[in-house]
Amino acid sequence: MTRRLIVEADGGSRGNPGIAAGGSVVIDEATGEVLAELGVYVGVATNNVAEYSGMIAGVTRALAIDANAELRVRLDSKLVVEQMSGRWKIKHPDMANLAAEARELLIGTPVAFEWIPRAENARADRMANEAMDKKMTFARPEVP
C-alpha cells in the first residue's frame, strides 16, 4: 500500500517585499504523526515567493522520507494552489522559476494541492515565523 504524506506549507513576509520565510510540516496521513518541521529563511522577498519556498521545502522533505509516497499539499495561499494545479497562469518570473522547481521535484509523484483556511495552517505558519524571527533555515529532526 502506498504511503500518503501531507505537506502543510505557508510563507510570510514582514513587508511585501520584506524579511521573508517559508515553513512546512510533513505529516503521516495514516497516523497523524508529524514527521518533520521545516523553516526556510528567504531574506528579502515577497509573500508569494515565501509561500513557494515553504512548499518546496516540505515536498523535498516528504519525498526524502518516502520517495514513493502520495502527497497532499495543503496551503492557505489560493495563488500557489491554483498555479500548481495548472488553473492559473504564472506571470511573475521569480514565481515561475519556483513553480518549475516544484514541478520538477514532483515528476512521477501523485500529488493533490488543496486550499485550506489560514486558521487550519497554524503549524506551518509557526515554522515560517520562527524562520523569520531567527533569520535562519532549520529542519527538525535534522537530516544528515
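Odds and ends about this structure:
- Pairs where the first residue, in segment 121-144, is within 17 Å of Ser13 (Cα to Cα) and the second is of a type outside the set (Gly, Ala, Ser) and open to solvent by 80 Å² or more (accessible area, probe 1.4 Å), C-beta under 8 Å, 6+ apart: Asp125/Arg118; Ala131/Thr137; Met132/Arg14
- Taken residue by residue, segment 53-72 has at least one member that is under 20 Å from Ala124 (Cα atoms), in a strand (DSSP E or B) and either modelled with pLDDT under 95 or open to solvent by less than 40 Å² (accessible area, probe 1.4 Å) (or both).
- All of Glu29, Glu33, Glu37 fail the test of being over 17 Å from Leu105 (Cβ atoms), crowded, with 17+ Cβ neighbours inside 10 Å, at pLDDT 95 or above and not aromatic (Phe, Trp, Tyr), apart from Glu37.
- Members of segment 82-101 that are within 24 Å of Phe138 (Cα to Cα) and either touching a His at 6+ places or on another chain (Cβ under 9 Å) or buried (at least 20 other Cβ atoms within 10 Å of the Cβ) (or both): Leu98
- Residue check, Ala124 in contact with an Asp or Glu (Cβ under 9 Å, 6 or more places away or on another chain) and either assigned to a strand (DSSP E or B) or buried (at least 17 other Cβ atoms within 10 Å of the Cβ) (or both): yes
- Pairs are defined by a Cβ separation below 8 Å, a sequence spacing of at least 6 or placement on different chains, a first member in segment 15-30 that is more than 15 Å from Ala64 (Cβ to Cβ), and a second member that is assigned to a strand (DSSP E or B) and basic (Lys, Arg); the pairs so defined are Ala20/Arg14; Glu29/Arg4; Glu29/Arg72; Ala30/Arg4.
- Residue within segment 81-96 that is of a type in the set (A, V, I, L, M, F, W, C), assigned to a helix (DSSP H, G or I) and either without any contact (Cβ under 8 Å) to a residue 12 or more places away in the chain or closer than 11 Å to Val7 by Cβ (or both) present: yes
- Any hit, segment 1-8, residues being open to solvent by 40 Å² or more (accessible area, probe 1.4 Å) and part of a strand (DSSP E or B): yes
- Residue within segment 101-120 that is in a helix (DSSP H, G or I), farther than 27 Å from Arg14 by Cβ and of a type in the set (Asp, Glu) present: yes
- Among the candidates Arg74, Arg61, Arg14, the residue that is basic (Lys, Arg) and out of contact with any helix residue (DSSP H, G or I) (no Cβ under 9 Å at 6 or more places or on another chain) is uniquely Arg61.
The values are calculated or read from the model by the stated rules, or taken from the named source; none is laboratory data. Quantities reported herein were computed from a predicted structural model and do not represent experimental measurements. Backbone-built Cβ (ideal geometry, glycine too); neighbour counts: all protein chains shown. Remember, those area values only see protein heavy atoms, side chains included, never the ligands or the DNA or RNA. Shrake-Rupley method; radii C 1.70, N 1.55, O 1.52, S 1.80 Å.
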